[in-house]
């Protein structure tokens, strides 16, 4: 499943490495959108099918049965992602939703086989 999108200049500034959102522009500081602890919790939850990536650029719970620690880790990462998206949007003049959307597409394309992703139709799909 390959998602394509007409890329704006936002795409050139976003690099997604090892599941971590990193904003990298020429001469710009690097900003990380998650802590290692939250990343570990979410990575396990992704493997277990409890959490997935969405086209909005944010994580979402696939099921309401996720533990409090999983819910907290998802919330922490989403808050940090929004901060990174906002900083990048201000620097480039793009909207936060455009920056987040480009990141969402990249994160979905990077999802590992067996992980859940939520596509435009709003349905969770297993990669």
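The values are calculated or read from the model by the stated rules, or taken from the named source; none is laboratory data. Please read these numbers as outputs of a predicted model, since none were measured by experiment. Note that we place each Cβ from the backbone using ideal geometry, even for glycine, and neighbour counts take in every protein chain shown.
Figures for the structure shown
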item	result
Any hit, segment 107-120, residues being modelled with pLDDT under 95 and in contact with a helix residue (DSSP H, G or I) (Cβ under 7 Å, 6 or more places away or on another chain)	no
Some residue of segment 45-67 being part of a helix (DSSP H, G or I) and in contact with a strand residue (DSSP E or B) (Cβ under 8 Å, 6 or more places away or on another chain)	yes
Out of 71, 118, 110, 82, sole residue that is farther than 20 Å from residue 36 by Cβ and surrounded by 14 or more Cβ atoms within 10 Å (Cβ to Cβ)	118
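Each row is one residue, and each column tells you yes or no for (1) touching a strand residue (DSSP E or B) at 6+ places or on another chain (Cβ under 6 Å); (2) outside any helix (DSSP H, G or I); (3) closer than 16 Å to residue 43 by Cα; (4) without any contact (Cβ under 8 Å) to a residue 24 or more places away in the chain.
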{"residue": "82", "(1), (2), (3), (4)": "no, no, no, no"}
{"residue": "103", "(1), (2), (3), (4)": "yes, no, no, no"}
{"residue": "122", "(1), (2), (3), (4)": "no, yes, no, yes"}
{"residue": "125", "(1), (2), (3), (4)": "yes, yes, no, no"}
